[in-house]
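The values are calculated or read from the model by the stated rules, or taken from the named source; none is laboratory data. Quantities reported herein were computed from a predicted structural model and do not represent experimental measurements. Methodologically, a virtual Cβ is constructed for each residue, glycine included, from the backbone with ideal geometry; neighbour enumeration extends over all protein chains shown. All accessible areas refer to the heavy atoms of the entire protein, side chains included, with ligands and DNA or RNA removed. Shrake-Rupley method; radii C 1.70, N 1.55, O 1.52, S 1.80 Å.
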Amino acid sequence: MQVTEIRGYELGFAPEPAIGNARTFIRRRDFLLLEIVTDQGVSGWGEVFSSPFAASALIQKRLAASVLGQSPLEYGRIWHQLVANLAYDRRGPAMMAISAIDMALHDAAARIQGRSVAAMLGGALRDKVLTYASGPFLAEAADPYGHYPAAVEAALRQGFRAIKPRAGLDPRADGAMARDLRTRFGPELGLMVDINQGYTVGAAIDAGRRMAEADLLWIEEPVQPEDIQGYAAVAAAVPVAISGGEALGSLASFRDFLAARTFSILQPDLTVCGGYTGYLRIAALADAHDLPIMPHAFGTIVNHRAALQAAALTASRRGGGPMPYPFMEYDISNNPLIEMAGRMGLSPDGTMAIPDAPGTGLDLTAERFAPWVTASWRCAV
Ligand SMILES: [Mg+2]
């Protein structure tokens, strides 16, 4: 049993409307989808969403040789070997490249065994997970938050019971927006905000205090992703749980953030933190600190399905809101790559089923995303 081929597909699109957050308007979204092909007639899928082109080059020029010819069942050994091979370069695009390989190897290994990734990794703790709407986003309008009430209403009609609008415009506007949503939609709505690294520490504290009245479940990425002292200052001053970690690529980064009492909720992204292998190491660290952890996912259906498997493996913690954590994120922007395997199905209780079909349960072929492919490559034994 061995990996015979690695196929890379670079793909992307221009979101319409642009996706506004506190830092930028996203006008172009690019991804790398990785297909790891085995001699068993099955393949597995992985994704890079943050630095796809750099990861693409790293896989082709540096990492593929350590994966081709190996058994996909030995994903753990391969992960450690890839990390050791990188030596000086164990975060950022290099860890994203390893993340995509790890995701694809797990998917292939589980499919070969005819069971889900969660079953292969010891068994799912749940078969459904509360799924929140990730959005709405700032608009290029006189009032960037003006459309939020209508957008939240539309999300509630779709069955969502929790929602995470983007914030970080300015502290007063944030406070007014959050209080308005709470007043309009009542106490049962799970309400969080994402500041996308946008604020200085002072502004984050000001905004956090103004929004606290809206009974938020968490405030996400209030300041720069590496700013441990800044996170600690915000966490100490604001009476709302502070979450983050989607940009962190190593167990050691999470260790340092937790030692400084920064996060109340950890949100590693499988495509950034080392795939399932990285996520589960961070989950053990979260457990040791008695903190909830949930996978961040804002990309294609490949990472979303992998994150569902990770959510199935994540211990339950009560953090307020409609159900115990973990919650699962769902990108509600116009994103054809999250709907390319079919529309998301939410149950009336706001949960999404976690597939127990082989691998991640995703039925994907390259034809599905052909309209968005900008380049592709192959490495073979
Ligand atoms: Mg975020």
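Near H147: Cβ cut-off under 14 Å, other residues only, Lys/Arg at +1 and Asp/Glu at -1. The net charge is -2. If you wrap the Cα atoms of region 91-212 in a convex hull and average its projected area over all directions, you get 10.9 nm².
Computed 3J(HN,Hα) for region 201-207, one whole-Hz value per residue from the Karplus formula 6.51 cos²θ - 1.76 cosθ + 1.60 where θ = phi - 60°, is 4, x, 5, 5, 5, 4, 4, glycine and proline marked x. Each listed q (0.10, 0.13, 0.22 Å⁻¹) maps to a log10 I(q)/I(0) for region 244-359, found by the Debye formula over equal Cα scatterers with no solvent: -0.29, -0.50, -1.30. Once the Cα atoms are used to define both axes, helix 92-113 deviates from the longest principal axis of the chain by about 60 degrees. Just for the chain, what percent of DSSP beta bridges are antiparallel, to the closest 5? Taking every DSSP beta bridge within the chain, about 65 percent pair in antiparallel fashion.
What are the semi-axes of the equivalent ellipsoid of region 145-299, taken as the square roots of 5 times the eigenvalues of the Cα gyration tensor, listed largest first and rounded to whole Å? All intermediate terms of the calculation are to be shown ahead of the outcome.
Details: eigenvalues 139, 67, 32 Å².
Those come to 26, 18, 13 Å.
Each residue of region 240-247 is assigned a 3J(HN,Hα), and the resulting list reads 9, 4, 9, 10, x, x, 5, 9 Hz, derived from the Karplus form 6.51 cos²θ - 1.76 cosθ + 1.60 (θ = phi - 60°), x at Gly and Pro. Beta bridges from DSSP with both residues in region 103-245: antiparallel share about 10 percent, rounded to the nearest 5.
Phi angles across region 363-371 convert, under the Karplus curve 6.51 cos²θ - 1.76 cosθ + 1.60 with θ = phi - 60°, into 3J(HN,Hα) values of 9, 10, 10, 4, 4, 4, 10, 3, x Hz, Gly and Pro given as x.
How high is the FRET efficiency between V381 and R255 when r is their beta carbon distance and R₀ equals 41 Å, given to the nearest 0.05? Before the final figure, lay out the partial values.
Working: r = 38 Å, r/R0 = 0.92.
Computed FRET efficiency for V381 and R255 comes out at 0.65.
Comparing A104, A311, A87, which has the greatest mean-square fluctuation in the GNM of the chain with Cα pairs linked when under 10 Å apart? Checking each option, the largest mean-square fluctuation is seen for A87.
Calculate what fraction, in whole %, of the accessible area of region 295-356 sits on carbon and sulfur atoms when a 1.4 Å probe is rolled over the protein chains. With neighbouring chains kept in place, the figure for region 295-356 is 46 percent. Residues of region 107-146 falling in the label zone of D287, defined by backbone nitrogen less than 15 Å from a point 7 Å along Cα to beta-carbon, are 121-126. For region 126-230, GluC sites (Glu not before Pro) meeting the loop criterion (DSSP other than H, G, I, E, B) and having at most 14 other Cβ atoms within 10 Å: E140, E188, E213, E226. Taking the 1.4 Å solvent-accessible surface of region 9-107 as the whole, the part contributed by carbon and sulfur is 49%. Protection proxy ranking of 313-321, 2-10, 243-251, by the mean of other Cβ atoms within 10 Å over each peptide's residues and highest first, is 243-251, 2-10, 313-321. Each Lys and Arg adds +1 at its Cβ and each Asp and Glu adds -1 at its Cβ; summed about the Cα centre, the chain shows a dipole of about 260 debye.
Taking Cα atoms only, the orientation of helix 171-185 departs from the longest principal axis of the chain by about 90 degrees.
Approximating the spin labels as points 7 Å out from Cα along Cα→Cβ, the D363-to-Q224 distance works out to 4.8 nm. If the chain linking E339 and A236 were pulled fully straight, counting 0.36 nm for each residue of separation and taking away their Cα-Cα distance, it would gain 33.1 nm. Between F185 and R157, residue separation times 0.36 nm minus the direct Cα-Cα distance comes to 8.9 nm.
Relative contact order for region 31-147: 30 percent, from Cα pairs under 8 Å spaced at least 6 residues apart, divided by residue count.
Hey, with R₀ at 30 Å, roughly what FRET efficiency would D30 and K61 work out to, going by the Cβ-Cβ distance, to 0.05?
Efficiency computed from Cβ-Cβ geometry: 0.95.
Three principal axis extents describe the C-alpha atoms of the chain; from largest down they are 59, 41, 36 Å. In this rough spin-label picture, where each label sits 7 Å from Cα along the Cβ direction, the N85-D170 distance is 5.2 nm.
Around the amide H of G244, modelled in the peptide plane, lie the amide H atoms of E221, I265, Q267, all under 5 Å away and 5 or more residues distant in sequence or on another chain.
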